[in-house]
Amino acid sequence: MDNKAYTHVSVLIVGSGPAGLSAAITLKKARPDLDVVVIDKAQGPGNHTLSGASLEAHALHALLDPVDPGWPQSEPAKTALGSRVDRDDVMFFLGDKHAFRMEPLLKIAKTMGLGFGEMIQHGDYLCSISRLTAWLCSIAQSLGAEILHGFAAGDIVWDSSTHTAVGIKLVDQGLDKENNPQPNYLPGETITADLILLAEGCDGLITEKFIQKAGLVRQGNQLYSVGVKQLIKVSEQQYKNFGAGRVVHALGWPLWTPVIGPAMFGGGVMQPMSNNHIAVGMIVGLDYKYCDFNPQDALTRFKEHKFVNQFIAGGTIVEAGAKMIPEGGLYAIPRDPAVGLIGRSNVVLLGDSAGFVNMLKIKGLHNAIYSGIAAAKAAVSSLDAPLGFARMYTRFLEQTGVLKEMESAKNFRQTVAKLGPLFGMPLSVLGKFLPKFHIEPDYQAMTPDRYRLKPATKFDKDTFTAMAATHHREDQSCHLLIQDASICMEKCTPRFGRPCITFCPAGVYEMVHDQVRAANPSNCLHCKTCQRKCPYDNIRWTVPEGTGGPRYKTM
Ligand code: SF4
Ligand code: SF4
C-alpha cells in the first residue's frame, strides 16, 4: 500500500495489538466518518503478538457488544477464543517430581479479600493472542479502519514550542549494512495526525522517545519479565488428560526453591490450545541475578518436571517465541508529573505501552482492551480540542476501573523485587499498607552468581528461532547496537562472562574475532530482553525495516 496516501490522518494508532485495535473498533463504530489509521511493523495480523492468555470475558463484551451483540456465536470468535477456564491449577513445584495445588489457599485468600485470590481465572477465555489480534483486525477493517502492516515507526515528531506531537516518522527502507541508500531506497515519511495513540506493546521505542520528549515520568522503574514459550502438539489422550479448559500456573522449582535457591520471580505456564496442542511457557522476572542464566534452560527443566512431562512427552514442538512483559505496575506507569495524565496533549499511552499488567492476576489483556475503549471515547470527545485529549483519556480510564485495579495490585511485584520471593511473597498480602520501595532497574540486579539447575544439554536456539519463523532482510544495517565494545571485554567478560550470549533467546550475540557482536540480527525475536538485561545497559534495540521479526500464528 502506498503510504503517501496517509500523510495526514485524524487519528493515528501505533501498534495493532489488542489495545490499538480496540481503540480503532470503538472509534470507527462511534464515528464512521473519521479517518483512523493503525500502523504496525509486523508482516501481518497477529505476527508480533505472542502468548496464549486468559482473557476476562467482560472486556470483550464491553468492546464488541456495541458492534454486534451476537459475536460470541460467530465462527471467527469461536476460532479466536477457544474454551473457557473450568479448571484453574495454581501449583507449587518442589523439586522435579513434587507438585502441590495451591487453589484451596487461593480460595481462602479470595474469601478474605486478599490479593492472591485474584489469581483464580475461572470463566476466562483461553485464547491465542495472535489469533485474537487477527480477528480484532478483521473487525476493525470491516468498520473502515486502515490497518497498515509492515509500516515501522522510527520516531515521534514533537513540537516542543507547543508541547504537541506533529506525527510519526516511519523507518527508512532500502539502506544497506553501512546505511547507504540502495536502488530500492524509500525514505520513511512522516504521517501527521491530530491525535496519536501509542499501543506498541512492552518497551515500545516510540513510547520511550515520547516519554522523554514530553517529560513524562515514572514514580518507580519499570520492571520486566521475559516469557519463552513453545506450542506442542500432543497425543489425543494426553490432551484429554490435561483438559481443554484447564490452565496451570506453577511457582517454585526451577526458578525458586526456598532457602537453598535459586531465588527468582516467575513461574511456568501450561495452557491448552486447539487441535491437541498445549502451550508450555516459562516467565522469569528480569531482576534475576544469575549471570549464566538462560530462561530457556528453566523452560527445559520445567518440561522435565514429572507433572508437566506426563502431558507433553513425545509431543512435537510446532511454534515457539519470546516476549517481554511490563511488570512494574502502578508506580511504573508514565505520567505527566504536573497533573498525572497518562499522555500529554494529543498523545496517550495504551495497554502494555503504559504498563497496565496486573501481576496479581498475571494478566493485562482486559486492561489493554479497556484502555483502547477509553482512548477512543476520549478521541471522539476531544477532536475539536486535541490538547484536552490526554486529560479526557485519563478520566475515561479511571471510569473503566483500570487504574483502580492497578492500585489494588501496586505492592505485589515491587515487594517481591525488594525482598525476594521467600519474604516478599508472604509480606505482599499486606497490600496497600506497604510503603513504596525504591527498586533498581533490572539490569543492575546481575551478579557473578551461577544458576545451579542448568539442564544436561544445551538449549537448541536455532530450532527455537526457526519455530518463530522470524525473518529480516539480510542486507540492512544491524538494528542491535552495542554502544561501547570496550565495556564488553574489559568489564563484562571478567565479571559476568558476557551474559547476552547466554540469555538472548534467539542466539543473536556471539564472539566474532574476539569481540562480542550482534552477529545474527536477522534471528531477532523483538523481545528486547537484551536492552533491559545487559548488566552495563550497553545495548540499544532500534527498529529494523517493516515486516521484519517473528511471524507468530497460533501462539
Ligand atoms: Fe556484556 Fe552487554 Fe557487552 Fe553483552 S553487550 S558482553 S551483556 S556488556
Ligand atoms: Fe530479544 Fe535482543 Fe535477542 Fe532480539 S537480540 S531476540 S531483542 S534478546
### Pick from the range 165-196, criterion touching a Phe, Trp or Tyr at 6+ places or on another chain (Cβ under 8 Å) and open to solvent by less than 50 Å² (accessible area, probe 1.4 Å), ranking: nearest to A42 (Cα to Cα)
L170
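Name the one entry in A109, A80 that is over 15 Å from M425 (Cβ atoms) and open to solvent by less than 20 Å² (accessible area, probe 1.4 Å). So that I can check it myself, show each step before the final result.
On the way: A109 fails: over 15 Å from M425 (Cβ atoms).
Of the residues listed, the single one that is over 15 Å from M425 (Cβ atoms) and open to solvent by less than 20 Å² (accessible area, probe 1.4 Å) is A80.
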### Message
Residue under question is K169, and the condition is that it be within 22 Å of A19 (Cα to Cα), basic (K, R) and part of a strand (DSSP E or B); does it hold?
### Response
yes
### Query
Among A24, A42, which is the only one that is assigned to a helix (DSSP H, G or I), assigned by TED's automatic domain parsing to the domain that holds S381 and more than 20 Å from F242 (Cα to Cα)?
A24
### Task
Look at R450 and say whether it is within 14 Å of ligand 1 (Cβ to nearest atom) and either open to solvent by 60 Å² or more (accessible area, probe 1.4 Å) or assigned to a helix (DSSP H, G or I) (or both).
no
### Summary
The strands (runs of 3 or more DSSP E) lying wholly within the range 181-246 that contain at least 3 residues that are in contact (Cβ under 8 Å) with a residue 40 or more places away in the chain and under 26 Å from A469 (Cβ atoms) are 224-233
### Query
Tell me, which residue of the range 472-483 that is more than 13 Å from ligand 2 (Cβ to nearest atom) and open to solvent by 60 Å² or more (accessible area, probe 1.4 Å) is nearest to S130 (Cα to Cα)?
R473
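Just one of H479, H472 is away from ligand 1 (no atom under 16 Å from the Cβ) and either modelled with pLDDT under 95 or not assigned by TED's automatic domain parsing to the domain that holds K418 (or both); which is it?
H472 is the lone residue from the list that is away from ligand 1 (no atom under 16 Å from the Cβ) and either modelled with pLDDT under 95 or not assigned by TED's automatic domain parsing to the domain that holds K418 (or both).
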### Query
Is at least one residue of the range 86-95 assigned to a loop (DSSP other than H, G, I, E, B), β-branched (V, I, T) and touching a residue at least 60 places away in the same chain (Cβ under 8 Å)?
no
### Query
So how many residues does the range 369-390 have that are buried (at least 19 other Cβ atoms within 10 Å of the Cβ) and modelled with pLDDT of 95 or more?
13
### Residue ID - surrounded by the fewest Cβ atoms within 10 Å (Cβ to Cβ), chosen from residues in the range 484-495 that are more than 6 Å from ligand 1 (Cβ to nearest atom) and touching a residue at least 24 places away in the same chain (Cβ under 8 Å)
D484
### Message
Here are the criteria: (1) open to solvent by less than 20 Å² (accessible area, probe 1.4 Å); (2) over 20 Å from the mean Cα position of the chain (by Cα); (3) modelled with pLDDT of 95 or more. Tell me which single one P326 does not satisfy.
### Response
(2)
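The values are calculated or read from the model by the stated rules, or taken from the named source; none is laboratory data. Fair warning: this is a prediction, and the values are worked out from it, not measured in the lab. Backbone-built Cβ (ideal geometry, glycine too); neighbour counts: all protein chains shown. Each accessible area value is taken on the protein alone, full model and side chains, heavy atoms only, with ligands, DNA and RNA left out. Shrake-Rupley method; radii C 1.70, N 1.55, O 1.52, S 1.80 Å.
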